[in-house]
Amino acid sequence: VTGRAIIVPTFLAPGYHVHVDLPAHIAESGHRDTFVTPSLGPDPELACAMRDRLLEVGWRRGDPVVMAAAGSSDPIARSELHRAAAVLGDTVGDVHLGYIATGTPRVVDVVRRSRTTTARRIYIAPYLLAEGLFHTRLHECGADAVAAPIGADHRVVSLVSARFTAAIAAQLHPV
């Protein structure tokens, strides 16, 4: 295989798949001239998309939000998930991070704890790109409403395009 390859990992955080799986697959492919961009998140555009999904299910400013992430055993990914929750908090207000699969606290525990401190409705904002098992599990966590995943939002498309364009620019004009 010849020519430069640019890979844009469409993951919301730089976890195991980005740090381990992807480099292993690249090495296995034998394609040496490969550039991997940063993952998509955290990013204010993703937070805006999540806010829009929350509004679609009735969230109002002042209602607590649990940002539900799949989770990761990777410390860098966990740090980035905390940053993503902070960015969402800058956008919507009261946000608490919970994990669906890997890590603590679990979403269900964050929802339960929130119930003891507020009489307001509690919303889950999935930090997920698509529906599936993780999103389905969120409906069992006791929140008043679960927003849709971020999905194929125009802001996600713009982020992918921006990562790709920045990689091309970096190749044409190295620092």
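The values are calculated or read from the model by the stated rules, or taken from the named source; none is laboratory data. Remember, it's a predicted structure, so these values are computed and weren't measured experimentally. Counting neighbours? That spans all protein chains shown, and the Cβs are built from the backbone with ideal geometry, glycine included. To get the accessible areas, we keep the full protein, side chains included, count just its heavy atoms, and leave off ligands, DNA and RNA. Shrake-Rupley method; radii C 1.70, N 1.55, O 1.52, S 1.80 Å.
Listed here are the residues, each with its yes/no results for (1) of a type in the set (Asp, Glu); (2) at positive phi; (3) under 13 Å from the mean Cα position of the chain (by Cα).
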| position | (1), (2), (3) |
| --- | --- |
| 101 | no, no, no |
| 104 | no, no, no |
| 112 | no, no, no |
| 123 | no, no, no |
| 126 | no, no, yes |
| 136 | no, no, no |
| 140 | yes, no, no |
> Name the residues in the range 96-108 that are out of contact with any Ser or Thr (no Cβ under 7 Å at 6 or more places or on another chain) and open to solvent by 60 Å² or more (accessible area, probe 1.4 Å), would you?
Replying inline: 104, 106
>> List pairs: first residue in the range 68-94 and within 15 Å of residue 44 (Cβ to Cβ), second residue surrounded by 15 or more Cβ atoms within 10 Å (Cβ to Cβ) and of a type in the set (Val, Ile, Thr) anywhere in the structure, Cβ distance under 6 angstrom, at least six positions apart or on different chains.
In response: 85/95; 88/95; 89/95; 92/65
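Would you kindly identify the helices (runs of 4 or more DSSP H) lying entirely within the range 68-166 that contain at least 3 residues that are touching a Pro at 6+ places or on another chain (Cβ under 7 Å)?
75-92
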> Counting only residues that are among the polar types (S, T, N, Q), more than 11 Å from the chain's Cα centre (by Cα) and closer than 21 Å to residue 99 by Cα, how many does the range 1-53 have?
Replying inline: 0
> How many residues are touching a residue at least 24 places away in the same chain (Cβ under 8 Å), closer than 16 Å to residue 51 by Cβ and open to solvent by 60 Å² or more (accessible area, probe 1.4 Å) if we restrict to the range 120-157?
Replying inline: 1
>> If I ask for residues that are free of Cβ contacts under 8 Å to residues at least 40 places away in the same chain and under 16 Å from residue 95 (Cα atoms), which ones from the range 33-59 would you list?
In response: 55
> Quick check: anything in the range 1-9 open to solvent by 30 Å² or more (accessible area, probe 1.4 Å), assigned to a helix (DSSP H, G or I) and in contact (Cβ under 8 Å) with a residue 24 or more places away in the chain?
Replying inline: no
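Can you tell me how many residues within the range 16-36 are outside any helix (DSSP H, G or I), open to solvent by less than 90 Å² (accessible area, probe 1.4 Å) and either modelled with pLDDT of 95 or more or not β-branched (Val, Ile, Thr) (or both)?
So the count comes out to 4.
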